[in-house]
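Student: The structure under discussion is supplied below as structure tokens; questions concerning it will follow.
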Amino acid sequence: MTKPLIVFNWKMNPQTEAEAVELFSHVWTRVKTAKYAAVAVAPPFPFLSSIEKRWGIRDLEVRGEAPVHLAAQDAFWEREGAYTGEISPAMETGLGVTYVILGHSERRRFLGETDAMVNAKLRAALEYGLRPILCIGEEMREGNSVPELVGTQLKNAVHDIPPLLLEASLIVAYEPVWAISSGGGGLSADTPSDMHKTAIYIRKVLAELYGEGCAERVRVLYGGSVTAENASSFFTETERTVNGVLVGRASLNIEEAGKIIGAVELAAALALGVS
Ligand code: PGA
């Protein structure tokens, strides 16, 4: 069984480098004793470099020994050039970044990011060896069935990307916008059973496009109001269709972030039959 992946998405927080280093050091200390879960942190761009240098994450990644992985919150689709304000995937790999969040609903909503842009970014990230965490999810939940939009966003994002490039690295994060703490819906996560259905649907779409093998290898994460209280439910109640969580707000609270790691660790250990 692959270890569940916990991704802490700090978004545009905290405000200073000192606070970012402090927050990261707590995650680092907590994760050092974690055996059953993998953890990645996505700090704002300006803090990536100082975190990388302080902990030597790039070298640790080369040796396969990084306890905490670095994630970026976005990446542009070109390697270099006249693209004011953008950051290329090559720059990120140079900073020891392993994962990159792409197509987050906040970027779609506030910056007009389209499926075509997400597709170009996804391709570039894969070409530069980053592991993309592709965010998809509907704005509003209507009825009980999995919204078709989830399949459409997924198909558009992977459009024309060769399976070989995709299947070893792609991570799909289902984040229903109504469940995200910033999404206006308050703090109510999706239910584990609905997430279970959605994860099956995501794999069905991937199987239709790329075959069963690919659909099985791609990791599916849940995101949207994950807390210390509900984190483990996505693993224990979903028959292992969910391979991790993407956590925003709760990851900024040192105590809660630690508890989330503990809860996911416990659920993963139980699934392995470790008592
Ligand atoms: P949330 O955010 O945990 O604050 O709901 C998740 C996300 O937007 O990635």
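The values are calculated or read from the model by the stated rules, or taken from the named source; none is laboratory data. All values reported here derive from a predicted model rather than from experimental measurement. In this analysis, Cβ positions are derived from the backbone assuming ideal geometry, glycine residues included, and neighbour counts consider all displayed protein chains.
Student: Which of the residues spanning the stretch 2-29 are surrounded by fewer than 21 Cβ atoms within 10 Å (Cβ to Cβ) and under 21 Å from Gly223 (Cα atoms)?
Tutor: Here is the first cut: in the stretch 2-29, the residues surrounded by fewer than 21 Cβ atoms within 10 Å (Cβ to Cβ) are 2-3, 11-19, 21-22, 25-26, 28-29.
If the condition is that a residue be surrounded by fewer than 21 Cβ atoms within 10 Å (Cβ to Cβ) and under 21 Å from Gly223 (Cα atoms), then Thr2, Lys3, Lys11, Met12, Asn13, Pro14 are the ones that fit.
Student: When residues of the stretch 230-267 are filtered for being within 16 Å of the ligand (Cβ to nearest atom) and among the basic types (Lys, Arg), how many remain?
Tutor: Number of matching residues: 2.
Student: Restricting the search to the stretch 166-179, which residues are part of a loop (DSSP other than H, G, I, E, B), crowded, with 24+ Cβ neighbours inside 10 Å and either within 11 Å of the ligand (Cβ to nearest atom) or of a type outside the set (A, V, I, L, M, F, W, C) (or both)?
Tutor: So in the stretch 166-179, the residues part of a loop (DSSP other than H, G, I, E, B) come out as 168-170, 175-176.
Narrowing further to those that are crowded, with 24+ Cβ neighbours inside 10 Å: 170, 175-176.
Result: Glu175, Pro176.
Student: Can you tell me which residue within the stretch 191-229, out of those that are part of a loop (DSSP other than H, G, I, E, B) and in contact with a strand residue (DSSP E or B) (Cβ under 7 Å, 6 or more places away or on another chain), is farthest from the ligand (Cβ to nearest atom)?
Tutor: So the first thing to find is which residues in the stretch 191-229 are part of a loop (DSSP other than H, G, I, E, B), and the list is 191, 211, 218, 224-229.
Adding the requirement that they be in contact with a strand residue (DSSP E or B) (Cβ under 7 Å, 6 or more places away or on another chain) leaves 218, 226.
Numbers: Val218: 18, Val226: 5 Å.
Residue satisfying both the conditions and the ranking: Val218.
Student: Report those helices (runs of 4 or more DSSP H) wholly inside the stretch 1-119 carrying at least 2 residues which are within 16 Å of the ligand (Cβ to nearest atom). I'd like the intermediate steps shown before the answer.
Tutor: Details: elements: 17-31, 45-55, 57-62, 89-94, 105-111.
Answer list for the stretch 1-119: 17-31, 105-111.
Student: Another question, if that's okay. All but one of (1) more than 13 Å from the ligand (Cβ to nearest atom); (2) in contact with an Asp or Glu (Cβ under 6 Å, 6 or more places away or on another chain); (3) not aliphatic (A, V, I, L, M) hold for Arg131; which doesn't?
Tutor: (2)
Student: Find the residue count for the stretch 263-275, including only residues that are surrounded by fewer than 18 Cβ atoms within 10 Å (Cβ to Cβ) and touching a residue at least 24 places away in the same chain (Cβ under 8 Å).
Tutor: Filtering the stretch 263-275 down to residues surrounded by fewer than 18 Cβ atoms within 10 Å (Cβ to Cβ) leaves 266, 269-275.
Cutting the leftovers down to touching a residue at least 24 places away in the same chain (Cβ under 8 Å) gives us 266, 269-272, 274.
Adding up the residues that qualify gives 6.
Student: Also: Just checking, does the stretch 146-165 include any residue being under 20 Å from Ser233 (Cβ atoms), assigned to a loop (DSSP other than H, G, I, E, B), in contact (Cβ under 8 Å) with a residue 40 or more places away in the chain and not acidic (Asp, Glu)? Show your work before the answer.
Tutor: Keep residues of the stretch 146-165 that are under 20 Å from Ser233 (Cβ atoms), which gives 146.
Then drop every residue that is not assigned to a loop (DSSP other than H, G, I, E, B), which leaves 146.
Checking which are in contact (Cβ under 8 Å) with a residue 40 or more places away in the chain leaves us with 146.
If we keep only those that are not acidic (Asp, Glu) as well, we get 146.
Yes: the stretch 146-165 contains one or more residues that are under 20 Å from Ser233 (Cβ atoms), assigned to a loop (DSSP other than H, G, I, E, B), in contact (Cβ under 8 Å) with a residue 40 or more places away in the chain and not acidic (Asp, Glu).
Student: Given the conditions (1) outside any loop (DSSP other than H, G, I, E, B); (2) touching a helix residue (DSSP H, G or I) at 6+ places or on another chain (Cβ under 6 Å); (3) without any contact (Cβ under 8 Å) to a residue 40 or more places away in the chain, and given that Glu255 satisfies all but one, which numbered condition is not satisfied?
Tutor: Every condition holds for Glu255 apart from (2).
Student: List the residue pairs whose Cβ atoms are under 8 Å apart, where the first residue sits in the stretch 176-189 and is over 19 Å from Glu148 (Cβ atoms) and at pLDDT below 90, the second is near the ligand (Cβ under 10 Å from one of its atoms) and of a type in the set (Asp, Glu), and the two are 6 or more positions apart or on different chains.
Tutor: Between residues of the stretch 176-189 that are over 19 Å from Glu148 (Cβ atoms) and at pLDDT below 90 and residues that are near the ligand (Cβ under 10 Å from one of its atoms) and of a type in the set (Asp, Glu), the close pairs are Ser182/Glu106.
Student: Name the one entry in Gly85, Gly103, Gly96, Gly81 that is modelled with pLDDT of 95 or more and touching a Gly at 6+ places or on another chain (Cβ under 9 Å). First the steps, then the outcome.
Tutor: Details: Gly85 fails: touching a Gly at 6+ places or on another chain (Cβ under 9 Å); Gly103 fails: touching a Gly at 6+ places or on another chain (Cβ under 9 Å); Gly81 fails: touching a Gly at 6+ places or on another chain (Cβ under 9 Å).
On inspection, the qualifying residue turns out to be Gly96.
Student: Report yes if some residue within the stretch 242-256 is surrounded by fewer than 23 Cβ atoms within 10 Å (Cβ to Cβ), of a type in the set (Asp, Glu) and over 21 Å from Arg203 (Cβ atoms); otherwise report no.
Tutor: Looking for residues that are surrounded by fewer than 23 Cβ atoms within 10 Å (Cβ to Cβ), of a type in the set (Asp, Glu) and over 21 Å from Arg203 (Cβ atoms), one finds at least one in the stretch 242-256, hence yes.
Student: I need the full set of residues from the stretch 120-147 which are over 13 Å from the mean Cα position of the chain (by Cα), at negative phi and modelled with pLDDT of 95 or more, in order please.
Tutor: Scanning the stretch 120-147 gives Ala120, Lys121, Leu122, Arg123, Ala124, Ala125, Leu126, Glu127, Tyr128.
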